[in-house]
Amino acid sequence: MTIVLVLLGVVATSFAGWRAGRRVRFFLHIFQLETYKLDRYGRWLADHASLVVRPSHGVGLAVLGVGSLATAAVDPAGVALGALLVWTGAFISSRRYRSDQEKKPFALTARMTRLAIPTGILALLPVAGGGLYGWTLGRPTGVLWYLGGFLVADLGAPLWTGLAAALMHPVETAIQRGFKRRARRRLQAHSDLSVIGITGSYGKTSTKFIVAELLRQKYNVYATPSSYNTPMGLCLAVNEHLTPEHQVLVLEYGIRYPGDMDELCDIAEPDASVVTTVGVAHLETMGTQDRIAAEKGVLVERTASDGPTVLNVDDERVAAMADRAPGPVWRVSTEGHPDADLTATHIRHDTSGTAFDVTDDTGTTVSFETQLLGRHNVLNVLLSVTIGRSMGLRLRQMAHAARRVEPIEHRLQLRERGDVTVIDDAFNSNPVGARNAVEILSEMGDGQRVIVTPGMVELGDRQWSENKKFGAFLAEQGLDLMVLVGPEQTAPIQEGLSGADVPEERVEVVASLTEAREMLERRLGPGDVVLYENDLPDQYGV
């Protein structure tokens, strides 16, 4: 019996330790995604209580409670053996916390390392305490205390992360101030550098990379990688990657709360600015679109007095920012706005990309072709072309460069999986982008046209209504199959579809992306096109 207890104890504690470690990593990642802000992290935990406390925690408490009572009345070794068996079954799975479906991978940065070390220490304390006390009791009763330590470590994973972050807050504040001072000094020393700042609810990252590609026809350009649009992201780019040889620095300015834009501009004030759109992203934190516009307009106000501001005048809130610009304003339109300096017309797209004509401020018209899909990407190219025009580039040389621009991963990215075409738009859905993606899908291919989506998030009070409208919009597009991921998450889409009398066989509601993929493997054939719209990580439970 003793050997069996020891072996089973090793197995049970291995699974419990592995699961606790995965949970700690998961919540560290969430804290990182919530930009290392305790208030945002707390709101995420409140909104995802089902991931904070799991049914296995209840099973663990029950095992400890029953086991502690039973050891006094029955054979302690038998009780310990039963407890270990049940415990192994309860904690064997860590599927909810796996990392293989993450949209933004966990990054073990220097800051994360500083946070992970105290978090790990805090998580190990109950394990060590339970183990030491259990050792004094001896086998098999002490096994229950050892398991109890693992239970506390596992259940407390979100708490250990928060406590460690609070402990490290003074240290991080001092480090961040130093990073900001260093970045400002480097930019001041680089007096001939042109800083281009880009903001907007959607299209920031795509526009940033397009601007960089076009300007490389004439300048030595550095653009921040990925979505580096936070204060520390800007500091990292300036402090670690900017060199004296660079002539242009292209930065992306992201906001989630009032005051964010001033903090970013205090680090790097732009010589030229671009505003793409004002949409409903981050309504949860900003409240209204007018507040979003007011915050993003700070970038325009902080632009150098002689620097150009490029605005999308098809968006009335963006167009109104012209009054806040200290320097010249360039206006662009894909919808024929009469006040536009540059326009895009004759827009057409297929599985190879998009083609359109650009007319600039001199009246010159040049045909553009790009691998990018969607009307909103035409806008992103047009905004970028306008920056190029303001810096002395000709349309024709920019048209050549536009052909080289590749789609950003998970943003209307075309892929081929055997005989099936995949449109990967899984990064971050919004009402405008989602409709554009579906319109593209509806015009593609001769086979089945399929969408897989969990709907849209971070839309505040408008989340239900916007998703319901999206469902009604889907019903009008004549799609062959709509796969909705997450019964609760997609309830408003289902309501929008039901109001349009969509045949039941054209709608499938599944619990996870894995289930959706398994179902599609059975139903897809050569020539079919599948659109993955919005973030679909299994571990978030959608």
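The values are calculated or read from the model by the stated rules, or taken from the named source; none is laboratory data. Not measured: the values here are computed from a predicted model. Cβ coordinates were reconstructed from backbone atoms using ideal geometry, including for glycine residues, and neighbour counts include every protein chain displayed. Areas reflect the complete protein model, heavy atoms only, side chains present, ligands, DNA and RNA absent. Shrake-Rupley method; radii C 1.70, N 1.55, O 1.52, S 1.80 Å.
Of the residues A268, A281, the single one that is small (G, A, S), within 22 Å of S226 (Cα to Cα) and open to solvent by less than 10 Å² (accessible area, probe 1.4 Å) is A268.
E508 meets the conditions (1) at pLDDT 90 or above; (2) among the charged types (D, E, K, R); (3) closer than 17 Å to G433 by Cα in every case but one. The failed one is (3). For the stretch 488-504, filtered to residues that are open to solvent by 50 Å² or more (accessible area, probe 1.4 Å) and either polar (S, T, N, Q) or more than 20 Å from F473 (Cβ to Cβ) (or both), the residue that is farthest from the chain's Cα centre (by Cα) is S498. Selection over the stretch 429-444 of residues that are at pLDDT below 80 and surrounded by fewer than 17 Cβ atoms within 10 Å (Cβ to Cβ) gives a count of 1.
Within the stretch 401-414, identify whether any single residue is of a type in the set (G, A, S), at pLDDT 85 or above and open to solvent by 30 Å² or more (accessible area, probe 1.4 Å), and answer yes or no. No, the stretch 401-414 contains no residue that is of a type in the set (G, A, S), at pLDDT 85 or above and open to solvent by 30 Å² or more (accessible area, probe 1.4 Å).
Residues that are over 18 Å from Q176 (Cα atoms) and in a loop (DSSP other than H, G, I, E, B) within the stretch 213-241 comprise R216, Q217, K218, Y219, N220, T224, P225, S226, S227, listed in sequence order. Within the stretch 33-56, the set of residues being open to solvent by less than 30 Å² (accessible area, probe 1.4 Å) and either closer than 15 Å to L108 by Cα or not in a helix (DSSP H, G or I) (or both) comprises E34 only.
When the stretch 268-297 is filtered for residues that are touching a Leu at 6+ places or on another chain (Cβ under 9 Å) and within 30 Å of Q247 (Cβ to Cβ), the ones remaining, listed by number, are A268, E269, P270, D271, S273, V274, V275, T276, T277.
Remark: V278 matches the filter, which requires a residue to be within 22 Å of R40 (Cβ to Cβ) and among the hydrophobic types (A, V, I, L, M, F, W, C). Of the set (1) open to solvent by 10 Å² or more (accessible area, probe 1.4 Å); (2) hydrophobic (A, V, I, L, M, F, W, C); (3) within 20 Å of R111 (Cα to Cα), all apply to V221 but (3). When R184 is tested against the conditions (1) over 24 Å from L379 (Cα atoms); (2) crowded, with 20+ Cβ neighbours inside 10 Å; (3) out of contact with any Leu (no Cβ under 6 Å at 6 or more places or on another chain), the lone failure is (2).
Of S465, S442, all but one fail to be more than 20 Å from V280 (Cβ to Cβ) and hydroxyl-bearing (S, T, Y); the exception is S442. Check the stretch 14-24 and report whether any residue there is under 23 Å from L167 (Cβ atoms), modelled with pLDDT of 85 or more and under 19 Å from the mean Cα position of the chain (by Cα). Looking through the stretch 14-24, none of the residues is under 23 Å from L167 (Cβ atoms), modelled with pLDDT of 85 or more and under 19 Å from the mean Cα position of the chain (by Cα).
Every residue, every condition in (1) under 30 Å from D361 (Cβ atoms); (2) surrounded by 21 or more Cβ atoms within 10 Å (Cβ to Cβ), yes or no:
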site: M286; (1), (2): no, yes
site: Q289; (1), (2): yes, no
site: G297; (1), (2): yes, yes
site: E301; (1), (2): yes, no
site: S305; (1), (2): yes, no
site: P308; (1), (2): yes, yes
site: N312; (1), (2): yes, yes
site: D315; (1), (2): yes, yes
site: V318; (1), (2): yes, yes
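When residues in the stretch 242-279 are screened for being part of a loop (DSSP other than H, G, I, E, B), in contact (Cβ under 8 Å) with a residue 40 or more places away in the chain and more than 16 Å from V300 (Cβ to Cβ), 6 of them pass. The residue that is modelled with the lowest pLDDT, among those in the stretch 141-168 that are farther than 29 Å from T113 by Cβ and open to solvent by less than 20 Å² (accessible area, probe 1.4 Å), is G142. Taking the stretch 201-218 as the range and being open to solvent by less than 20 Å² (accessible area, probe 1.4 Å) and touching a Gly at 6+ places or on another chain (Cβ under 8 Å) as the test, the residues that pass are S201, T207, V211, L214, L215.
The number of residues in the stretch 336-354 that are modelled with pLDDT of 90 or more, closer than 15 Å to N377 by Cβ and part of a loop (DSSP other than H, G, I, E, B) comes to 0.
The residues of the stretch 172-200 that are part of a loop (DSSP other than H, G, I, E, B) and of a type in the set (D, E, K, R) amount to a single one, D192.
Restricting attention to the stretch 474-497, the residues that are more than 17 Å from E439 (Cα to Cα), touching a helix residue (DSSP H, G or I) at 6+ places or on another chain (Cβ under 8 Å) and of a type in the set (S, T, N, Q) total 2.
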